[in-house]
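*Asks:* Supplied in structure tokens, the structure appears directly below.
The values are calculated or read from the model by the stated rules, or taken from the named source; none is laboratory data. Since the structure is predicted, the reported quantities are computational estimates derived from the model, not experimental observations. Cβ atoms come from the backbone with ideal geometry, glycine included; neighbour counts cover every protein chain shown. Side chains are part of the model used for accessible areas, which takes the heavy atoms of the whole protein and leaves out ligands, DNA and RNA. Shrake-Rupley method; radii C 1.70, N 1.55, O 1.52, S 1.80 Å.
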Amino acid sequence: QVQLVESGGGLVQPGESLRLSCAASGFTFSIYTMGWYRQAPGKQRELVATITNGGNANYADSVKGRFTISRDNARTTVYLKMNNLKPEDTAVYYCNARLWNSDYWGQGTQVTVSS
């Protein structure tokens with residue numbers, strides 16, 4: 001059974017940092033492209049960052065230079081380090097695993113940036 005379990009969300013003030021984790025199981029993690037997406041209230045889900053099985057990372061323009069995606073294949077976990085958080089980063093963050101026509105999603109973790 002495929003599982004993607006996100007953790008690490010919370011309430012922070014602008015300028016602070018958070019690290020999200022996504023623990024994966026039930027599939028061959030190392031060959032999948034992993035990603036983080038987010039959805040703010042009233043908005044469509046959008047790409048935040050992806051990382052290929054070879055470690056190549058891609059970021060949305062809005063988070064470049066502030067967020068870093070990484071993966072640990074031994075722990076079957078993908079991370080998103082978020083620095084200098086802004087109120088507009090407030091959203092539910094979802095973990096994604098994708099390979100050809102296989103597409104898996106986690107349940108999401110809430111990140112709220114507010115003073």
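Listed here are the residues, each with its yes/no results for (1) closer than 16 Å to Q110 by Cβ; (2) open to solvent by less than 30 Å² (accessible area, probe 1.4 Å); (3) among the aromatic types (F, W, Y).
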| residue | (1), (2), (3) |
| --- | --- |
| G9 | yes, no, no |
| G15 | no, no, no |
| A23 | no, no, no |
| G26 | no, no, no |
| S30 | no, no, no |
| R45 | yes, no, no |
| N53 | no, no, no |
| N58 | no, no, no |
| V63 | no, yes, no |
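*Asks:* From P87, P41, grab the single residue that is at pLDDT below 95, more than 19 Å from Q3 (Cβ to Cβ), open to solvent by 30 Å² or more (accessible area, probe 1.4 Å) and not hydrophobic (A, V, I, L, M, F, W, C).
*Replies:* P41
*Asks:* If you don't mind, there's one more thing I want to ask. Among the residues of region 1-33, how many are part of a strand (DSSP E or B) and within 17 Å of T112 (Cβ to Cβ)?
*Replies:* Taking region 1-33 and keeping what is part of a strand (DSSP E or B), we get 3-7, 10-12, 18-25, 33.
Remaining after also requiring within 17 Å of T112 (Cβ to Cβ): 6-7, 10-12, 18-20.
Qualifying residue count for the region: 8.
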